Amino acid sequence: MLFNSIVFIFGFLPVTLTGYWLLAALPWHRPRLWWLILASLFFYAYWAPRYALLLIAAMMVNYAVGQLLQRTPAERKRRRNWLLIGGVGFNLALLFYFKYFNFFIDNINALLGTDIGVGRIVLPLAISFFTFQKIALLFDIARGKVRLGGVSEFSTFVLFFPQLIAGPIVHYSELEPQLAAPPRRTAAGRDMVAGLTIFAIGLFKKTVLADTAALYATPIFDAARDGAAPGMVGAWLAAAAYTLQIYFDFSGYSDMAIGLARMFGVVMPLNFHSPLRARNMAELWRRWHMTLSRFVQSYIFQPLSIPLARWAAGHSSGALAFLALSTLLPTFLAMVIIGAWHGAGWNFFIFGAMHGVFVASYEAWAFATKKRRKGRVEPGWERALAHVLTVTCFVAAVVPFRAADVGVTGQFFADMLGLHSLAGDWPTRVPFGAAGMALVLMVGALIVALLPNTQHFMTGVTPALEWKKWRSVGLPPISYHWRPTLGWSVVTGLILMLGIVFISRGTTEFIYFNF
């Protein structure tokens, strides 16, 4: 079921909210959790009922392993390690089979000339998200950071529908205390209004902004897939349009997830925070899919970086060798893993490798210029140049993310370098031609660059966990804040109405639903 669908907005959501808050009025607060569990299972099964059974089975295995982990004394390190390895291995095996097995077999066949047939394996919705979520939980239990609560809290943590399909990748320590505590009935009205406002903004971003940008990116990428050459101008404009599409698509989804959770009195972690205002690629990734980035930092980068740094220190490596082993190599590998996480295809490896090179290059530059920059105020032209370079690199890297295959990616890059033609026939492929493309790109760029993001707009209601840490980051040139007044209520209503009206243009999945 899509957040941006009529059946969700006017059917599933009102029924689920009504049932939840009626049950929350009871002296016992656990029935509301079971209601959320059943509603979330229905939400997931609406897409493919048979995979709801897979989700339940995986959840049961992880709960059993988690209970065994926390019941095993700390002195029995060997048993605890094997339990952790077994639990993580189970989750990775599921992910590999459903997401990467066909890709693996196809490449074996291509490499060895064999004809191994396994049929097409359908990718279960959201498997990448709930797999990483449960892996993080098992590590946190093994490290003694959290203890599992009851079945109802654990099941709601895994299944809670606002974050089930495309994140945020929530830690147990963030969600479980809010679920285990009695509901904040006195704050229900305020949470409902704040959540609806955040949801409305996210819906507007998706149906009005992201889907409009798609009207300009999709025809050019599809033409390239079919063998047409977009030309240098068309290739760069299509990549820029897709950048806006995925920016507003994922920003909109993140807003809608946070808004929906808030309607149930749950505050979620921040997942998207004006990343295209960043002045380097490392900072951009800290603010784009923030919960995925922190997962990779905690459970992939650090486990790679720490032993490599110790090895480099023990072998008396020079400063550059130490930097390469402790930072640059783990950074590159982590970004390749992020790329592979997004999909089973060489294009995603290219996407990850490009970002790995970009982020590692910035880290190397920051290390080389650290002394020169210390105590120095960076002039405006340098900040502007850094920002333009960062955005340009990101726009280039979306090409393998969006292109149909490696061949189309190569074609696009050749066009972007001007190796074929300058103009191409792209204006005939998009609505209203060059003028329409220019208007969409200009409006989108101005919104990204100048206006407050949803969190800054909603700063008065603490829109996300750890908001104090992020509220001064990415501040917009134009600033205004939502307040619970009649005027802002009218504005919220108009935004919501436009978001719903644009659904009639055609409901499209969120891009991250594919992962």
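The values are calculated or read from the model by the stated rules, or taken from the named source; none is laboratory data. Remember, it's a predicted structure, so these values are computed and weren't measured experimentally. Ideal geometry is used to build each Cβ from the backbone, glycine not excepted, and the neighbour counts take in all protein chains shown. Areas reflect the complete protein model, heavy atoms only, side chains present, ligands, DNA and RNA absent. Shrake-Rupley method; radii C 1.70, N 1.55, O 1.52, S 1.80 Å.
Percent relative contact order of the chain, based on C-alpha pairs within less than 8 angstrom and at least six residues apart?
Computed value for the chain: 20 percent relative contact order.
Per 0.36 nm of contour for each residue apart, how much would the distance between Asp222 and His315 grow if the chain were fully extended, relative to their Cα-Cα spacing?
Extra length from Asp222 to His315 when fully extended: 28.3 nm.
Can you list residues whose amide H is under 5 Å from Phe272's amide H, if they're 5+ apart or on another chain and H is modeled 1.01 Å from N?
Counting only residues 5 or more places away or on other chains, the set is Met290.
Using mean Cβ contacts within 10 Å as the protection proxy, how do 110-118, 243-251 order, highest first?
For the peptides 110-118, 243-251, the packing ranking is 243-251, 110-118.
Return the carbon/sulfur percentage of the accessible area of the chain, one whole number, probe 1.4 Å, all protein chains in place.
Accessible surface attributable to carbon and sulfur in the chain totals 69 percent.
Give Lys134/Lys374; Lys206/Lys370; Lys206/Lys469; Lys77/Lys469 a once-over and call out the pairs whose C-alpha atoms are over 31 Å from each other.
Table pairs above 31 Å Cα-Cα are Lys134/Lys374; Lys206/Lys370; Lys77/Lys469.
On average over all directions, what projected area in square nanometres does region 283-349 have, based on the convex hull of its Cα atoms?
Its average projected convex-hull area is 5.0 nm².
Could you please put Met354, Met416 in sequence from largest to smallest accessible area, using a 1.4 Å probe?
Met354, Met416
Can you tell me, using C-alpha contacts under 8 Å and at least 6 residues apart, the relative contact order of region 154-270 as a whole percent?
43 percent
In square angstrom, what is the accessible area per residue of region 406-515 with a 1.4 angstrom probe?
Per residue, region 406-515 has 54 Å² of solvent-accessible surface.
Set the Förster distance to 22 Å, then compute FRET efficiency between Leu498 and Ala187 from the Cβ-Cβ distance, nearest 0.05.
0.20
What is the spin-label model distance, in nm, from Leu486 to Met442 if the labels are put 7 Å beyond Cα along the C-beta direction?
3.7 nm
Calculate, for region 40-101, the solvent-accessible area per residue in square angstrom, rolling a 1.4 angstrom probe over the heavy atoms of the protein chains.
Value for region 40-101: 57 Å² per residue.
For region 91-153, take the convex hull of the Cα atoms, compute a quarter of its surface area, and give me that in nm², please.
6.0 nm²
Would you mind calculating the gained length between Val473 and Asn81 on full extension (0.36 nm times residue separation, minus the Cα-Cα distance), in nm to one decimal?
Full-extension gain reported as 137.2 nm.
Given the Cα-Cα distance of Phe367 and Ile337 and 0.36 nm per residue of separation, how much length would full extension add, in nm?
8.4 nm
Could you work out how far apart the two model spin labels at Leu112 and Thr462 are, taking each label as a point 7 Å from the Cα in the direction of the beta carbon, and quote it in nm?
Here the answer is 5.7 nm between the modelled labels.
Rounded to the nearest whole Å², what accessible area per residue is found for region 248-320 with the 1.4 Å probe?
30 Å²
If R0 is 56 Å, what FRET efficiency do you get for Arg143 and Phe10 from their C-beta distance, rounded to 0.05?
0.80
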